[in-house]
Structures are given as structure tokens and as C-alpha cells.
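Have a look at the structure below, then the notes.
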Amino acid sequence: MPKINYDFQTLRGDVFGGVTSAVIALPVALAFAIAAGLDPIAGIYGAIAVGFFAAVFGGTRSQISGPTGSMTVAMGVIVTANADNLAAAFTIVIMAGLIQLLLGVLRIGRFVEYTPYSVISGFMSGVGIIIFLTQTLPFLGAEVATGGPVGAIRAWPDLINHFNPSALILGAVTLAVAALWPERFSRFFPATMAALVIGTFLGILWFTDAPVIGEVPTGLPELVTPDLSTGTLLRAIQPALVIALVGSVDTLLTSLVADSMTHTRHNPDRELLGQGIGNVVTGFIGGLPGSGATPGTVANIRAGGWTPLSGGLCVAILLAIVMELGQYVASIPMAVLAGILIKVGWDTIDWRFITRIFYVQRDHLLVMLLTLGLTVFLDLVTAVAVGMIAAGVTSAKQFERLELDSVISVPLLDQVFFKDYENLDDIDVFSAQVGLVALKGTFSVASASKLINAISIDIRDHEVVILDFSDTIYMDDSAALVVEQMIDTADNEDTECIVMGLDGLPATTLRALNILQNVPEDHFADNLDEAREIARSILDRRAEAAA
């Protein structure tokens, strides 16, 4: 991380950014912890641990880290599966942090930037819908249902005659404040905190029969002893990978948002190291795992926090609060936190993409909807993995068309191609004994299957074919094997090949796979003039043999 020159203006911005971020993080961390099935204090512990180590060791100067919607959704599944053994659940968090550390060490973070937007949009919208659906029950005064969004939907019929009116009113008021809080006030008092204060105030004074959080422990956390039994560790691999991948994607996408606002460039590998350390520590103290938090990061930057000091100050404020938090948190109605989370879920949905749904290419729309559906009804990692595969297939179709359009296959009329030679009186003006196949640009597996079909017919029509690689930029192994098929086709048709302009990466690929082993050494040319000389020599030799 580059050296930072502090001045009064920078320090003041970091102070404002840290305070603003802490005010945003507090209600959201409490709400996310409850949504994941943990004690409210676990959310604060997670915000402190991940926020501190990501700020100190991470690679994004202005990023605020802590519990996020996607991590909460993933952790909620893990907590439900390990309800009778929370030590196993936090062992998974520790393992996830170690996986993130490994991703950073292996320098894999940069590849997240290549995630197609349609996959990101479907993933984020799916997370938003999950939060929205699961919070409908506490919003109406009921307990959060097991089984994720599907379980929540199945529980809706029972709420018709059994919802809590006080909870509904508190949730509605909280949601209205969070959604309608004036933007000019948000710089000094964020909407989520205003919603928390107003909703809690109403719950304490009037709507006292709404369910509340209840007693919350205060003080520093106790260390969690990981469950290191063989069975637990084997079962932890898959969910730990889910947490690590979801957290990494979420973090690095937030880093890109921070880069666009600050006109800086983050270090993705170092960022994963910081996040990994934070989540390892979080697992040891029983906290909710976290990642880069977009709302807190945006608020931090807008308030002037552009250095890691703002993230450290945010953590310090949360740490001071947590020491005496319990007596104040106990009276917060569950419906108030549900209202806040419904607003968070609504904001997480990618409305920018959805509002343009009728203008988006059909293939991209299908990828987005597929990722969204798998996120909501299956699991996050499968959704991203399948979405990436579908996006790759979609892109391959586009690349196929572009790559095939870059292939030039033309006959070279003898009268024109050999115009500088003597004794052309006997040449047919329509004869084209030599053909040219020029591969321009990039060629990959996308066009490999159709490339050979498109070229083979042309090869058969000539006695000599010039394979022109002068303008070939890149060629993968699939395209290289197509070149081998082209040469084999020429051999079968008694057509001789001349390789022209082969250099750089295409030459490396072809020679590494020994593609050109059947092409004689004297059939390589650097330019068209040399290729013409070789072609004429081949045709003269054939004419003599025929005579």
C-alpha cells in the first residue's frame, strides 16, 4: 500500500468517514447476526475483527469491511446445519479465512475482475431477494423460518391470522424511515441509524408487545475452541469454500466500486489476505464472517475517508460501543431490524439491470436469470459457477462469429499471382492453382469446430495453399489442432502447404504441440514474395513430374 501523506484535511475526512461508517455498521451488523441465527453481538464482533484486519492488511485504502448480505445468507445455512454444534460452524469460518489467505498468496484475486456483469447482477439480486423474503416473518412478528426463502414462503399462510399488529406497524415505520430519510441528513445521521432509533423509541413507548431482541452479553468475546475432529473438518470443506468464494467476490466487487469513486487502484491479492486474516480471527471469537461492505465503503468515501485510518476509527467506535451495548440492544424490536434488512435487501437487488431488462441481449438476460434462480433456490457458489459456465458459452457463441469473420480464404489467380514470371502464355486466365488462407486476429475453441469445415472445401480446390499467420495475434490449443486438421486435409487432397508469417504466440503454440511436423522446412516463408517463390517451385516440380 502506498505511503500516505497526512494533513489536516485528510485527517478530518478520515474522522468523519470513520464515524459515519460506524453509525451505518452498528444496526446492520446487529440485524445480519440475527438473520444468520446468531446472537446480535456476533455481528459486532465480526464487524470489529474483519473491519480492523482488512483495514490494516488489506489492499483497498478506503474500504470498510464487516458483515454483508451475501455472507449472512451463506452463514445462515451453516448455522442451521450446525445448530447443535456452533463450534463446528465457527470452525468453518476459520477454514474459510484460511482459504481466502491461500487465494491471496496464489494471486487469484485479480481474476474476479473477469466475472461477467450478468453473473454479478444475478448473484446480487438473488442475495437481495433472499434477505427480503426471509425477513418478511420477523417483520410481521413471527420467528425466522428454517429452510431459507422457500421455508419463509411456506410459512406465509400461517401468518394470515397470527401476525403481530404492533410488529407490523414498527416494521412499516422503520422501513419508511429508512427509505424516505432525506439525503441531506444522511451525511450526518445515516438512514439506517435513524430508522433504528425511531423504531426502537416507538417500540419502547407504545408498541411494547412486539418481540424484542432480549438480553445481549457485553464485553470482550470469549475464544471459541475449533472442532478439529476428522468428520467435522471433512464436512467443513464445502461450506468453507462457499464462505471464502462468496466473501472474496463480494469484497473485490466493493473494491472496484471504491476505485471508481476515488480514482485509485486496489491490490486484489493483498485485499484477500486482509479479509482472510479478519475472518480467521472472527471464527476464533464467535463473530459473523464479513467482507467488503459496499454501503459502508460508499458512505466512508463520501464523508471524506480515503485512508485505512477511517476503517480503524470505525472499528474503535464499535469496540467502545460493544463494551456497554447489551442494556441498550435488548429493547430493540425484531421487526425494526427486519425493516432495516428489508431496505438493505431492496437496495442489494440490481435495479439498474432489471429496469433495462427489455433492452438487454437475450443471452445475457438468460445468464442473469439463471444465476438469480440458483442463488435463491439452491446455493451461492453453485449459482456463480453455473452462471460463469453459461456466460462462457454465451461469449463463445459471439466469439465464434467474430473469429470466423476474421478468416480470409481466397483463390490466387495464376495470371495475377505469377505475373512477374515468363512463359505465362499457356496459363488459363481462370486458373487458381494457389489458394490463400489468412487467419487474422484471435482464434480459440469458440470457432475451432466450424473453422475446419469452412476452410477444408477451399483447400481441396488448389494444388498449393498458403497458410498466412502474419496477422494472427493469439491461438489456443483447440485452434492449433484445427490447423493440424487443415494440414492433414491438404495432405489427403495432395495439396502442399506453405506456412507464411508465423511468429510470436501462434508460433509457440503450434510448435509446442508439434502441429507443423509434416510441413517441410523449405515451405516456410516470411512474406508473400517468398511464398510466391516457394509456390512456383512446387508447381514447376509437379509439372516436370507430370511430363
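Some values worked out for this structure:
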quantity: Residue count, the stretch 505-534 (criterion: open to solvent by 40 Å² or more (accessible area, probe 1.4 Å) and either of a type in the set (Gly, Ala, Ser) or touching a helix residue (DSSP H, G or I) at 6+ places or on another chain (Cβ under 8 Å) (or both)); calculated: 5
quantity: Single residue of ILE130, ILE153, ILE169 found to be surrounded by fewer than 20 Cβ atoms within 10 Å (Cβ to Cβ) and within 32 Å of the chain's Cα centre (by Cα); calculated: ILE153
quantity: Test set (1) of a type in the set (D, E, K, R); (2) surrounded by fewer than 18 Cβ atoms within 10 Å (Cβ to Cβ); (3) modelled with pLDDT of 80 or more - ARG302 fails condition number; calculated: (3)
quantity: Criterion: among the polar types (S, T, N, Q) and within 30 Å of PRO165 (Cα to Cα) - qualifying residue of THR232, THR264, THR254, THR208; calculated: THR208
quantity: Residue that is nearest to ASP39 (Cα to Cα) [pool: residues in the stretch 93-108 that are open to solvent by 80 Å² or more (accessible area, probe 1.4 Å) and within 18 Å of the chain's Cα centre (by Cα)]; calculated: LEU102
quantity: Residue match in the stretch 313-320 (condition: outside any helix (DSSP H, G or I) and either among the hydroxyl-bearing types (Ser, Thr, Tyr) or modelled with pLDDT of 85 or more (or both)); calculated: no
quantity: Subset of the stretch 257-287 (residues that are in a helix (DSSP H, G or I), open to solvent by less than 50 Å² (accessible area, probe 1.4 Å) and not hydrophobic (A, V, I, L, M, F, W, C)); calculated: ASP259, THR262, PRO268, ASP269, GLU271, GLY274, GLN275, GLY276, GLY278, ASN279, THR282, GLY283
quantity: Cross-chain or 6+ apart pairs with Cβ under 7 Å, the stretch 217-239 first and in contact (Cβ under 8 Å) with a residue 24 or more places away in the chain, then open to solvent by 100 Å² or more (accessible area, probe 1.4 Å) and among the acidic types (Asp, Glu); calculated: THR218/GLU324
quantity: Identity of the residue in the stretch 211-227, modelled with pLDDT of 85 or more and among the aliphatic types (A, V, I, L, M), that ends up surrounded by the fewest Cβ atoms within 10 Å (Cβ to Cβ); calculated: LEU223
quantity: Failed item, numbered, when ASN161 is tested on (1) open to solvent by 20 Å² or more (accessible area, probe 1.4 Å); (2) in contact (Cβ under 8 Å) with a residue 12 or more places away in the chain; calculated: (2)
quantity: Residue identified as in contact (Cβ under 8 Å) with a residue 12 or more places away in the chain and open to solvent by 30 Å² or more (accessible area, probe 1.4 Å) among PHE123, PHE90, PHE111, PHE53; calculated: PHE53
quantity: Any hit, the stretch 21-38, residues being of a type in the set (A, V, I, L, M), closer than 15 Å to THR251 by Cβ and buried (at least 24 other Cβ atoms within 10 Å of the Cβ); calculated: no
quantity: Total residues in the stretch 535-547, condition loosely packed, with under 13 Cβ neighbours inside 10 Å and either in contact (Cβ under 8 Å) with a residue 40 or more places away in the chain or of a type in the set (Asp, Glu) (or both); calculated: 2
quantity: Hits in the stretch 283-302 - residues which are farther than 13 Å from ALA244 by Cα and among the hydroxyl-bearing types (Ser, Thr, Tyr); calculated: THR294, THR297
quantity: Every residue from the stretch 526-547 that is small (Gly, Ala, Ser) and in contact with an Asp or Glu (Cβ under 9 Å, 6 or more places away or on another chain); calculated: ALA531, ALA535, SER537
quantity: Criterion violated by PHE185 - all others in (1) in contact (Cβ under 8 Å) with a residue 60 or more places away in the chain; (2) part of a helix (DSSP H, G or I); (3) among the hydrophobic types (A, V, I, L, M, F, W, C) satisfied; calculated: (1)
quantity: Lone qualifier among LEU502, LEU467 - being in a loop (DSSP other than H, G, I, E, B), hydrophobic (A, V, I, L, M, F, W, C), at pLDDT 85 or above and touching a helix residue (DSSP H, G or I) at 6+ places or on another chain (Cβ under 9 Å); calculated: LEU502
quantity: Failed condition for MET71, given (1) free of Cβ contacts under 8 Å to residues at least 40 places away in the same chain; (2) within 22 Å of the chain's Cα centre (by Cα); (3) open to solvent by less than 10 Å² (accessible area, probe 1.4 Å); calculated: (1)
quantity: Residue count for the stretch 329-350, restricted to those that are part of a helix (DSSP H, G or I) and either farther than 19 Å from ALA293 by Cβ or open to solvent by less than 80 Å² (accessible area, probe 1.4 Å) (or both); calculated: 14
quantity: Residues within the stretch 367-385 that are over 21 Å from VAL150 (Cα atoms) and under 13 Å from the mean Cα position of the chain (by Cα), tallied; calculated: 1
quantity: ARG154 within 26 Å of GLY126 (Cβ to Cβ), among the charged types (D, E, K, R), in a helix (DSSP H, G or I) and without any contact (Cβ under 8 Å) to a residue 24 or more places away in the chain; calculated: yes
quantity: Helices (runs of 4 or more DSSP H) wholly inside the stretch 35-128 containing at least 3 residues that are farther than 27 Å from THR20 by Cα; calculated: 69-81, 86-105
quantity: Residue count for the stretch 3-12, restricted to those that are at pLDDT 70 or above and in contact with a helix residue (DSSP H, G or I) (Cβ under 8 Å, 6 or more places away or on another chain); calculated: 1
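The values are calculated or read from the model by the stated rules, or taken from the named source; none is laboratory data. Everything quoted here is computed from the prediction, not taken from an experiment. Using ideal geometry, Cβ is built from the backbone for each residue, glycine included, and neighbour counts are taken over all protein chains shown. When the accessible area is computed, the model is the full protein with side chains, heavy atoms only, and any ligands, DNA or RNA have been set aside. Shrake-Rupley method; radii C 1.70, N 1.55, O 1.52, S 1.80 Å.
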